[in-house]
Structure formats: C-alpha cells, structure tokens
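These notes concern the structure reproduced below.
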Amino acid sequence: MTLAPARRATKRGRLALATALLSAATMVAACSGPPRGGDSGQAGFQLSASTPPAKGEIDSFTWATYAEPPTLDYIQAFDYPQNTILSNVCESLMRWTPQLTLAPGLAEKATNPDPTTWVYDLRSGVHFHDGTVMTADDVVYSLGRQTDPNNAAAWAQTFQNVDSITKTGPLQVTVKLKQADSQFPQYMATAAGVVAAKAGIEAAGKDYGTTGSLDCTGPFKLGTWAKGQSLELQRFDDYWGTKAKSKKVVFSFLTDSSARTNAMLTGDVDGGYLIPTESYDRLKKSGPGTLYFGEGLSTVNVNVTNMQGALGDVRVRQALSLALDRSGFVKTGLAGSGTVTGSLTTKAAWASAPDDVRKSAFDGLTPTTQDIDKAKALVKEAGASGKTLVMATSTIGQDVSLLATAVQAAGTKIGLDIQLRTIAPNAFTALFTDAKAREGIDMFPETYYDSITDPLDLLVNFRTGAYQNFAGYSDKAYDDLIDQATAEYDPAKRGAIEAKLQQAASQQLLWIPVAEWPTAVFLNKRITGAPTTISYMYYPWAADVGAAR
C-alpha cells in the first residue's frame, strides 16, 4: 500500500478468549477511538474528532483522488485510491467505525465459541445492487476468492490460519481456524471481509472490478467510469442501512498535486483525503473550505525492496538511517504536520498494552538524530563506498518526492550514489502489487496505514513470504514470534511478544522509519460530515456527506 500516525488513542476494547458467545457489538478488538480534538502537541496541526454532521441531503459532490484505481475488485483493494472508493460500494462482515472501533457490518453478530471458531450470523433482507438478496453462499464464495492461490489476492495473508469457511445456516457462516488467530476477526472489517454477489462475480469473470457492477451491498453502487478521468457512484436506495445523504458522488482522478489543490480552491471539486502537504498552508487559509486533521495510524517509511545489493548489509541500512534528516523532512515534506519517529509502528497501536510493554517496545529503537560521521564509517566498514542504489519517487505529493530527495541527499553525504527513478502516480500504486514494477528498485517511500489498531498489522510484513516482504527477509526466530503473537488473544501477553518483534525489526532496519502522519481532509463549505480519521479506508464515509447548512 502507499500505506497509516501516532495519535491520542482513547479507550480500546479487549479481544479475549471466550468460552461464551461474544457479541460483535462488544468485540472492539483492540481498536482505538479518535482524539477528542484540541492541540496535537505539534506546531503544524490540531486533531479534530470529526467534521460537523450534515444538515440535509444534496444532489451530488465531487471528490479528488491522486490516482485512478487499476481495479475495484475487493481482493486487490490494497491502496488508498481503491479503498477510498470501494468502502462506499462494498461492505464487509464487520465494520470499522469513524471512531476506529469494530462494529457489526453485514454480520449482525460474531461469536467465538472456542479459540479456533468464529461464527458470523448475517443480517436478513440485505440486497445486492442487482436486487438479489445476500445469503451465506455469497459470503462463503466471497471469502473463498481471497484464499484461492490462483487469484493472488492482496489479502491472502489474512487467511493463512483459515482451515475452512462453511455455510452453517441460510444466514450463518462458520470459519474454522488452524490455530487461535487474534488478527483474523479484526480484519473482517477491512476489504478482506468484503461480501459480493456470487452470481455477479461469476458473470463478470476476468472483467470483475473493471467494468459493470461490483454487485455489492453498500450505500452507493458503481455508476459511469470514464477511464482516465472520473468515476461516478450513485445512491443505492434499497440499502439496508441509513440512506446516503448525497444522490451521487463523482471521483475525479487528478494525478498532479497542484491540479488537485487548485480544483479544491476553485470549487471544481468539493474535497479530498490525502491532501498534498505542500498545499496545507493554502487550504488552511482558503475561503472555499476547511482543512481538518484527524486520527491516522500512519507512519512514513523507506521501504527496502532489495537486499541483494548494498542494502543487504544492515550497516548500509543503518548508515542511511543515521544520515537522514528526519526533522527537515517533517518540516518540508509534511509541512510541519507530523512527528519524527524511530519506530515503524505508531504509539496509538500500543494503547491497550501495559506501560511496561510499551516501554520495552519503544526503548532503544532506531536513532532519529543525524550522525554523519558514524554513518560514513558504517558505509566504509561495509565496503559500500560509491555503490549505486535506486530510489523510486513520484509526483503524487511532496511527502513522496521530498522523502526520496532526502534519502538521496543522505546517501551523498556518506558516499553512496542514490539515483532517483520517477514513476507516474498511477504506476506508483503497482509497486505494492506487481513484482515487475519493483524490478531495478532498491527502495521507495511508503506511508503505511494500519488496517487494524494492532502493531502486528505492520510487524507481520517481515515474516517469511509475507505479502509486503518485498526484500525477501527471512528469519525463523522472527517467524516464530509472529506465530506466538498471532495465536495470543490476551492483549497484554500479545503486546509483550510484539515488543520483541518491534525490537528485532528495528535492529535489522527492515524498513527505515521516518515520521508519523495524521489524516488530512479538505471540505468545501457547502458540504460536511466526512470523518477525519483513517476510517474512510473501510467505512462508507461518503454516505455521511451532505449539506453543511
């Protein structure tokens, strides 16, 4: 993913082993609530819990995205452009709320009768966009697509502990696990848990996700898709939940960051997430609307994609990290709206852990203060002086381009030749799904968003064979700790294991951590209601957007 900031997490729930039935309404599963607003503690931004609720319906609104999705097939929904749109069209068994808590979705109840069994009781009378009614067969088929190796699903890792998915009633599906899995029930609120009509997917064949209907259940259905320009969503009036306040949403694909900002300032588009950081100042001062910052769960990192060359030596990775001007990047690349970090995970991801666990997770991590002399010595010691490395960059926004430039500058100071390779925004998203797109690239900027509020969401990426383990890192001891943490339902015990994983990832510098980054959203004064949190990735946020007055 151009994958999510440390926040002030409020109350988190616990996901404990249950011998009795566990209601999905109370299964918060270690998700954090949003901030209550107020000073973020940083000069560049304040966090808002939400935007004002809408006061009425509107005919339509227009939303800017930095790239066109290559597909809207939910099994490949692993990046911002896809999920920002898909979250309004396709729904999952569970739902991530604007408060970043877990709630019932298409399953009105989730129960856990034993550590390796999850039973999902489905809502009755839920209609797909083609008018047919959702059944357990659709759920079994939809989740089964994620597990089929022939589909190369981006979410396949989520199902690694799944033994079977079966229909156990007309509106009931039972998932049997190979072992206890503390992560699986949480991921059922993401695109991993999406349910679509079996008949519709089969009828579309290889074209599913790129043309025609998505045959899902959300408050909007797919309308006209003008390739390369825009995509339209139309309100689904037979929606089982609260009807959307807008009759139509138009997503405009604006790959140039200046064009996106100008479109917001002129009113050509009404809003957008992932605001270019270079535009923060202009949008804060603009008359047309308001720029909000909210809870994220995002860290900005340098993703190391190739350990066959010079970066295969941990001393070179350490040298680059020591030479990197993180404070300068936060000031320029994030327009001051972020915090320097030496941690790959956000502090918010550890909110449910005891104090001693958090301390062990964050003590002695990657240094964030520049030390050029030590970095030079490490490069020389590794025999890497003069070695060439390729860093991908893109015009998506200055957060990407300036981080790439900062890495190049760091390399120059310590004797490395770092070349930048510019990739178009539409192609940049392919770095996360296509190995060919990463050929000849040693590293690239990645803003990682946690899909669940659990540090394992990020730390699992370095397990042998993991989907985002692009560099092919493999360590049995690390894999064993991943297994232990995954199988542990008790948050405190799991956190202690995750702290060991965090320390291991830090020592190896499998990615280079740079900063934590809040969510930003701009709204024209005529609309309101969009959540300020990262929830928009899996919550039907557009349904809440309506008239501001």
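If you wrap the tightest convex hull around every Cα atom of region 131-184 and split its volume per residue, you get 96 Å³.
Ordering Tyr187, Thr116, Thr332 by Cα displacement along the dipole of the chain toward the positive end leaves Thr332 in first place; charges were set at the Cβ atoms of Lys, Arg (+1) and Asp, Glu (-1).
At 1.4 Å probe size, with every protein chain present, just tell me what the per residue accessible area of region 281-423 comes to in Å².
Numbers: 5590 Å² over 143 residues.
That works out to 39 Å² for each residue.
What is the dipole size for region 478-546, taken about its Cα centre, with +1 at each Lys and Arg Cβ and -1 at each Asp and Glu Cβ, in debye to the nearest 20? Intermediate results must be reported in sequence, preceding the final value.
Values: 5 positive and 8 negative charges, 101 e Å.
Dipole about the Cα centre, nearest 20: 480 debye.
Think of the chain as a dipole: +1 on every Lys or Arg Cβ, -1 on every Asp or Glu Cβ, centred on the Cα centre; then among Gly397, Trp541, Thr277, Thr277 lies furthest on the positive end. Per q in 0.18, 0.21 1/Å, what log10 I(q)/I(0) does a Debye calculation on the alpha-carbon atoms of region 88-201 return? With one equal scatterer per Cα and no solvent, log10 I(q)/I(0) is -0.89, -1.23. Taking amide H as placed 1.01 Å from N in the peptide plane, the amide H of Ser230 sits under 5 Å from that of Phe253, each at least 5 places away or on another chain.
How big is the dipole moment of region 221-306 about its Cα centre under a simple scheme where the beta carbon of each Lys and Arg is +1, that of each Asp and Glu is -1, and everything else is neutral? Debye, nearest 20, please. Working shown, then result.
Numbers: 11 positive and 9 negative charges, 50 e Å.
Approximately 240 debye in magnitude.
Computed over the chain, the Cα gyration tensor eigenvalues convert (square root of 5λ each) into semi-axes of 35, 28, 22 Å, ordered from largest to smallest.
Each residue of region 211-218 was assigned a 3J(HN,Hα) from its phi angle through the Karplus expression (A = 6.51, B = -1.76, C = 1.60, θ = phi - 60°), giving 9, x, 7, 8, 6, 10, 10, x Hz with x at Gly and Pro. Amide H to amide H, with H built 1.01 Å from N, Leu122 comes under 5 Å of Glu108, Gln172, Val173, counting only residues 5 or more places away or on other chains.
Accessible surface area normalised per residue over region 83-229 is 33 Å², counting heavy atoms of protein chains with a 1.4 Å rolling probe.
To the nearest 10, the accessible area of Met443 is 0 Å² with a 1.4 Å probe. What you get for the chain, charging only the Cβ of Lys and Arg (+1) and of Asp and Glu (-1), is a dipole of about 1100 debye around the Cα centre.
Calculate for the chain the 222 nm mean residue ellipticity that helices alone would give, adding -39,500 (n - 2.57) per DSSP H run of length 4 or more and normalising by residue count, nearest 500 deg cm²/dmol. It would help to have the intermediate numbers written out before the result.
On the way: 15 runs with 134 residues, N = 549.
Theoretical 222 nm ellipticity from helices: -7000 deg cm²/dmol.
If you roll a 1.4 angstrom probe over the protein chains with everything in place, what fraction of the accessible area of the chain belongs to carbon and sulfur, to the nearest %? About 49 percent, which is the carbon plus sulfur part of the accessible surface.
The values are calculated or read from the model by the stated rules, or taken from the named source; none is laboratory data. The structure displayed is predicted, hence computed values, not measured ones. As a convention, Cβ positions derive from the backbone with ideal geometry for all residues, glycine included, and neighbour counts pool all protein chains shown. We work out accessible area using only protein heavy atoms, side chains counted, and drop any ligands, DNA or RNA first. Shrake-Rupley method; radii C 1.70, N 1.55, O 1.52, S 1.80 Å.
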